[in-house]
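Participant: First, the structure itself, so that you have it in front of you.
Coordinate-derived values only; no laboratory data. Fair warning: this is a prediction, and the values are worked out from it, not measured in the lab. Glycine gets a Cβ as well: all are built from the backbone with ideal geometry, and neighbour counts include every protein chain shown.
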Amino acid sequence: MRCLPKVLVLAALVSVQVATGTAFSAGTVTSLYSGRIPPGVYVGNMSAAGLSLSSLRRAASILFPADNPGLNLTLDGDGRKWAIPYSALGASSNLGLVLNLAAARLDNGSPQAALAMLRLLGRPVNLQPGFVYRPNRLAVQLAAINRQAATPARDASLTVTGGAVTVVPGQPGRRIAIRATQDEVGPVLSPQGESAPLVFTGAAPAVGESQLAPLNSLLAGFTTNLNPAQARRDYNIVLAARLLDGALLAPNQEFSLNARLGPRAADRGFQPAPAIVGYALVNQTGGGVCQLASTLYNAALLAGLKITERYPHTLVVPYVPLGLDATLNWDNRDLKLVNNTGYPVYIGAHVRGDRLTVRIFGERKETEQVFVYTRVTTPRGVPVPAPDQLALGSDGQNTVGVAVYRKIAGPDGRTVTERISQDYYHQAANLPPVVK
């Protein structure tokens, strides 16, 4: 006669007991596993059935490590692999917790224990030993990997080709989906080391072709020359131009150049270069970015945009006419303008060779001409000093006044003239030469 497995015998006995209520006592049924782990309980791939708690602890301590030296979580993204040490994730063994959960299922000879054994026959419990970790540390590691593995989306842009404004299509990108990747890793890391795929999600361009399609006119452009002998200064200008490029302003939106560029700090790639501080020329991280501010300022004036904040340099700069400069400082000097055109405008900025160009695109509703000019005044009979002898001052005796005006001529022949700024300079000696 073929023998039935012990678990089936147990199931039959419990079934008979439940059906008759009198055939067998619960003690008779559970005595098979009294003080031991019942069938249906697994620790990893090891069946714990029939083991005492002390035996289970000894076996588990041999099979499953309590420390994680040399173990890594390996993440795979399109054939590239990144190994993260368990220690970097704050991983610690959960073996004690697993064994406590197994101990909670010890047979104590009660009818409830017999019924629990019956349930385990149909639905075994697998207690997985391994290493629990801190999800926030994995999120930090994934963010660092994302900087290497992600493909940034490229916004649509505008350019001038053959005298016509054309839209350059954007390109979608992708980034790591941190929460979905964490789900792939799971809550427990394997005692042998873990592998999991990186999960990516698409990243749409912030500026699409449809947003730029109506902006079919070049409202204005302005170009200044760089000095190839000032490599670090030029590098800062190139970096700042890339940050400015692609700014899209809604109607009536105020634009802050400081907010767009962010802090000019070394950890963001900016380098020390000559900058005007007071009436001196000193090396400053991000030196030279004021030339971008001045170039944008002139383009904005010619585009008819409203200027809401602008400050002149304390010394005369050589790359724009007197009175048409704009200084920038992260703490207390900004260049701000408002899109008062009634439709969106787009700012493009680039460096080609030794030329910095800022262009402002929009949707021109009617033909108008914009003129920007300056008037320089001095006390009667006093000639205008050389630019390298002028320093910003106040309205007083022996002062050079520089007023900037903008005249807008509409298609109906009417003109509107406004004074944009009024700066005052005084003649000073021993001023440092301002490099381009």
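Participant: Size of the dipole of the chain about the Cα centre, Lys and Arg at +1 and Asp and Glu at -1 on the beta carbon, nothing else charged, in debye to 20?
Facilitator: Numbers: 39 positive and 26 negative charges, 193 e Å.
Dipole about the Cα centre, nearest 20: 920 debye.
Participant: Shifting gears a bit: Between Asn45 and Thr399, what length comes free when the chain is fully extended (0.36 nm per residue of separation minus the Cα-Cα distance, one decimal in nm)?
Facilitator: Using 0.36 nm per residue and subtracting the Cα-Cα distance, I get 118.4 nm.
Participant: What full-extension length gain, to one decimal in nm, is calculated for Thr417 and Gln128 as 0.36 nm per residue of separation minus the Cα-Cα distance?
Facilitator: Length difference between fully extended and current span is 96.1 nm.
Participant: Taking the Cα centre of the chain as the origin and placing charges on Cβ (Lys, Arg +1; Asp, Glu -1), which of Leu305, Gln389, Gly173 is farthest toward the positive end of the dipole?
Facilitator: Most positive-ward Cα: Gly173.
Participant: Report the Cα centroid-to-centroid distance between the range 248-295 and the range 199-237 in angstrom, as an integer.
Facilitator: What the calculation gives is 16 Å, centre to centre.
Participant: Quote the FRET efficiency, to the nearest 0.05, computed for Lys365 versus Arg147 with a Förster distance R0 of 30 Å and r equal to the Cβ-Cβ distance.
Facilitator: Once rounded, the FRET efficiency stands at 0.10.
Participant: A further question on this structure: Let me spell out the model: positive unit charges on the Cβ of Lys and Arg, negative unit charges on the Cβ of Asp and Glu, origin at the Cα centre of the range 214-427. What dipole size does that give, in debye rounded to 20? Walk me through the numbers on the way to the answer.
Facilitator: Working: 21 positive and 17 negative charges, 40 e Å.
Magnitude of the dipole: close to 200 debye.
Participant: Return Ile37, Ile360 ranked ascending by Cβ neighbour count within 10 Å, so the fewest neighbours appear first. Walk me through the intermediate numbers first.
Facilitator: Values: Ile37 24, Ile360 29.
By the 10 Å Cβ count, ascending: Ile37, Ile360.
Participant: Would you calculate the separation in nanometres between label points at Arg119 and Ala83, each defined as 7 Å from the Cα along the Cα-to-beta-carbon direction?
Facilitator: 4.4
Participant: Give me the distance in nm between label points sitting 7 Å out from Cα along the Cα-to-Cβ direction at Ser92 and Tyr373, one decimal.
Facilitator: Result: 7.8 nm between the two label points.
Participant: Read through the labelled values (1) 64, 43, 36; (2) 128, 51, 37; (3) 127, 60, 44 and report the label of the one computed as Cα extents along the principal axes in Å from the structure.
Facilitator: It is the one labelled (2).
Participant: Any idea what angle helix 135-149 forms with the longest principal axis of the chain, computed on alpha-carbon atoms, 0 to 90 degrees, nearest 10?
Facilitator: Value to nearest ten degrees: 50.
Participant: What FRET efficiency comes out for Arg242 versus Thr161 if R0 is 25 angstrom and r is the Cβ-Cβ distance? Round to the nearest 0.05.
Facilitator: 0.75
Participant: Residue by residue, what Karplus-based ³J(HN,Hα) values in Hz, rounded to whole numbers, does the range 64-69 have, using 6.51, -1.76 and 1.60 with θ = phi - 60° and x for Gly and Pro?
Facilitator: These are the phi-based 3J(HN,Hα) values: 10, x, 9, 10, 10, x Hz.
Participant: Now a separate question. When the chain is fully extended, how far beyond the present Cα-Cα distance does Ser256 get from Ala203, taking 0.36 nm per residue of separation?
Facilitator: That works out to 16.5 nm of additional length.
Participant: Still on this structure, please answer the following. What does the net charge come to around Gln271 if you take all other residues with beta carbon closer than 11 Å to its beta carbon, with K and R at +1 and D and E at -1? Mind dumping the intermediate values first?
Facilitator: Working: positive: Arg232, Arg233, Arg264, Arg268; negative: Asp234.
Value of the local net charge: +3.
Participant: Between the range 120-183 and the range 347-403, how many Å separate their Cα centres?
Facilitator: For the range 120-183 versus the range 347-403, the Cα centre distance is 47 Å.
Participant: Tally Lys/Arg at +1 and Asp/Glu at -1 over every other residue whose Cβ is under 13 Å from the Cβ of Leu296; what's the total?
Facilitator: It works out to a net charge of 0.
Participant: Would you list Tyr42, Tyr279, Tyr297 from fewest to most Cβ contacts within 10 Å?
Facilitator: On the way: Tyr42 17, Tyr279 13, Tyr297 28.
Ascending Cβ contact count within 10 Å gives the list Tyr279, Tyr42, Tyr297.
Participant: A further question follows. Positive end of the charge dipole of the range 294-436 (Lys, Arg +1 and Asp, Glu -1 on Cβ, about the Cα centre): tell me which of Gly362, Ile347, His426 has its Cα farthest that way.
Facilitator: The Cα lying farthest towards the positive end belongs to Gly362.
Participant: When a footprinting reagent is the concern and you count Cβ atoms within 10 Å, what order do Ile84, Ile145, Ile408 take, fewest first?
Facilitator: The fewest-first ordering by Cβ neighbours comes to Ile408, Ile145, Ile84.
Participant: Compute the FRET efficiency between Arg137 and Lys336 as 1/(1 + (r/R0)^6), taking r as their Cβ-Cβ distance and R0 = 30 Å, and round to the nearest 0.05.
Facilitator: 0.15
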